[in-house]
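The values are calculated or read from the model by the stated rules, or taken from the named source; none is laboratory data. The structure presented is a predicted model; accordingly, all values stated were derived computationally and were not measured. Positions of Cβ are generated from backbone atoms using ideal geometry, with glycine treated the same way; all protein chains shown enter the neighbour counts.
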Amino acid sequence: MSKPELDILYADRKIVVVNKPCGLLSVPGKGPENQDCIVTRVQAHFPECRRFPTVHRLDMDTSGILVLGLTARAQRELSVQFQNREVSKRYVALLDGVLQAEHGQVELPLRLDPDNRPHQVVDFEQGKQALTLWKKLAVENSYTRVEFDPKTGRTHQLRVHAAHHLGLGHPIVGDRLYGTGTGPGQLKLHARYLRFVHPKTKEVMEFDVPPAF
């Protein structure tokens, strides 16, 4: 039986870095039909991989770079780097509309809407701090290509900060939760750049994968 497809950017005995396609889960979901994901594919390729190698996640509809820890220590040390915001991340997105400003920041606190899962909402009283820096890369017809530099890692942070009227006011193209997307695999959001310190060698690791859109 052939192993499931996996775009491996780097691998050693401690970590693996992959380029996740749009439309694939990062971790297993509920039910047997939602078991195909980055974690199960990594475990198929690396039998020594621990049961829970996840360090960070990307939404199902978001493509881009993910790092996973193959050992418990590597997973733990990478997780600490993410929790302490010692990791550099950059995303590229296409927004449905034309931005006038060249750069800026969005700081809107977010929380889960329990009556409309998995939607996140802006809540200035109970929401968790969420900060996104952004800059305009190009205008392409009626779309704007932007780079996002998230300083926090809230669920759906970039998607809400893009779409909300107090944010950029333009949803990401293909966003089926906060925009006009009609199904999975349409979102134009890509985790392009990731920099972290290798948990074993302490070497600075950098990865940059341009988006397919």
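Sort through L58, L95, L66 and tell me the only one that's within 19 Å of the chain's Cα centre (by Cα), assigned by TED's automatic domain parsing to the domain that holds G179 and surrounded by 14 or more Cβ atoms within 10 Å (Cβ to Cβ). Talk me through it step by step, then tell me what you get.
On the way: L58 fails: assigned by TED's automatic domain parsing to the domain that holds G179; L66 fails: assigned by TED's automatic domain parsing to the domain that holds G179.
So the residue among L58, L95, L66 that is within 19 Å of the chain's Cα centre (by Cα), assigned by TED's automatic domain parsing to the domain that holds G179 and surrounded by 14 or more Cβ atoms within 10 Å (Cβ to Cβ) is L95.
Identify, by number, the condition in (1) surrounded by 14 or more Cβ atoms within 10 Å (Cβ to Cβ); (2) out of contact with any His (no Cβ under 9 Å at 6 or more places or on another chain); (3) among the aliphatic types (A, V, I, L, M) that V80 doesn't meet.
That leaves (1) as the condition not met.
Take the residues in the range 126-148 that are surrounded by fewer than 16 Cβ atoms within 10 Å (Cβ to Cβ) and not hydrophobic (A, V, I, L, M, F, W, C), then tell me which one is farthest from V98 (Cα to Cα). Don't jump to the end; show me each part of the working.
At the first step, the residues of the range 126-148 found to be surrounded by fewer than 16 Cβ atoms within 10 Å (Cβ to Cβ) are 126, 128-129, 133, 135, 137-142.
Retained after the next criterion (residues that are not hydrophobic (A, V, I, L, M, F, W, C)): 126, 128-129, 135, 140-142.
Working: Q126: 31, K128: 28, Q129: 27, K135: 13, E140: 9, N141: 9, S142: 6 Å.
Once the filter is applied, the top-ranked residue is Q126.
Restricting to the range 12-37, count the residues that are surrounded by 16 or more Cβ atoms within 10 Å (Cβ to Cβ) and in contact (Cβ under 8 Å) with a residue 40 or more places away in the chain.
Going through the range 12-37 one residue at a time, the tally reaches 9.
Only residues that are of a type in the set (G, A, S) and more than 22 Å from R117 (Cβ to Cβ): list them for the range 136-172, please.
The first filter runs over the range 136-172 and keeps only residues of a type in the set (G, A, S), leaving 138, 142, 153, 162-163, 167, 169.
Matches in the range 136-172: A138, S142, G169.
Return a yes/no flag: does the range 116-139 have any residue that is closer than 30 Å to G169 by Cα, modelled with pLDDT under 95, assigned by TED's automatic domain parsing to the domain that holds H165 and not charged (D, E, K, R).
Let us first name the residues in the range 116-139 that are closer than 30 Å to G169 by Cα, namely 116-139.
Applying the additional criterion that residues be modelled with pLDDT under 95 yields 116-118.
From what is left, the residues that are assigned by TED's automatic domain parsing to the domain that holds H165 are 116-118.
From what is left, the residues that are not charged (D, E, K, R) are 116, 118.
Looking for residues that are closer than 30 Å to G169 by Cα, modelled with pLDDT under 95, assigned by TED's automatic domain parsing to the domain that holds H165 and not charged (D, E, K, R), one finds at least one in the range 116-139, hence yes.
Every residue in the range 158-183 that is part of a loop (DSSP other than H, G, I, E, B), surrounded by 24 or more Cβ atoms within 10 Å (Cβ to Cβ) and free of Cβ contacts under 8 Å to residues at least 60 places away in the same chain, please.
Once the filter is applied, which keeps residues that are part of a loop (DSSP other than H, G, I, E, B), surrounded by 24 or more Cβ atoms within 10 Å (Cβ to Cβ) and free of Cβ contacts under 8 Å to residues at least 60 places away in the same chain, the range 158-183 yields nothing.
Answer yes or no as to whether G29 is under 24 Å from P184 (Cα atoms), touching a Gly at 6+ places or on another chain (Cβ under 6 Å) and of a type outside the set (V, I, T). Lay out the reasoning, then the answer.
Details: under 24 Å from P184 (Cα atoms): yes; touching a Gly at 6+ places or on another chain (Cβ under 6 Å): no; of a type outside the set (V, I, T): yes.
In short, no.
I'd like to know if the range 201-210 contains one or more residues that are among the acidic types (D, E), more than 21 Å from E77 (Cα to Cα) and touching a helix residue (DSSP H, G or I) at 6+ places or on another chain (Cβ under 6 Å). Steps first, please.
Here is the first cut: in the range 201-210, the residues among the acidic types (D, E) are 203, 206, 208.
If we keep only those that are more than 21 Å from E77 (Cα to Cα) too, we end up with 208.
Checking the rest, the ones that are also touching a helix residue (DSSP H, G or I) at 6+ places or on another chain (Cβ under 6 Å) come to none.
No, that holds for no residue.
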